[in-house]
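Just so you know, all these numbers are worked out from the coordinates, no wet-lab data involved. Being a predicted model, the structure only gives us computed values, none of them experimental. All Cβ positions, even for glycine, are placed from backbone atoms using ideal geometry, and neighbour counts span all protein chains on display.
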């Protein structure tokens, strides 16, 4: 039989993730496949760097937690197709999370308004949600 936990436990786990990552983390959108493990070196070219606000995720509810506020880079860093992201502590170098990137409705872990990024282009994250399952 699989272990089951309450919504309260799911919400606590989700909120603890945000606390562990810390205030004002840095999100980088990159080309290519993500590294195999979170401890592996970065891969791909950085296309956009977004300094997230101090409070960057909404409070968990019903076992889910969504981005809070506007996540945007006013000027893309390089030309290319965003395929993965890495979320770093506010030092911009300590990775805590990574996942896939697609346009809205494309099934990625994080969604953008446009995955084809050009240098100087505004880049907006349209969706990012954590779900705690069991």
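For the stretch 7-131, what percent of Cα pairs sit more than 17 Å apart? Mind showing how you got there, number by number?
On the way: 4234 of 7750 pairs.
Tail of P(r) above 17 Å: 55 percent of Cα pairs.
Could you tell me the ratio Rg/Rh of the stretch 12-78? Both radii from Cα atoms, Rh via Kirkwood.
Ratio value, two decimals: 1.01.
Could you sort 19-25, 44-50, 62-68 so that the peptide with the highest average Cβ count within 10 Å comes first and the rest follow in order?
Listed from highest to lowest mean packing, they are 44-50, 62-68, 19-25.
At 222 nm, what value in deg cm²/dmol follows for the chain if DSSP H runs of at least 4 each add -39500 (n - 2.57) and the sum is divided by all its residues, to the nearest 500?
On the way: 1 runs with 15 residues, N = 134.
It lands at -3500 deg cm²/dmol.
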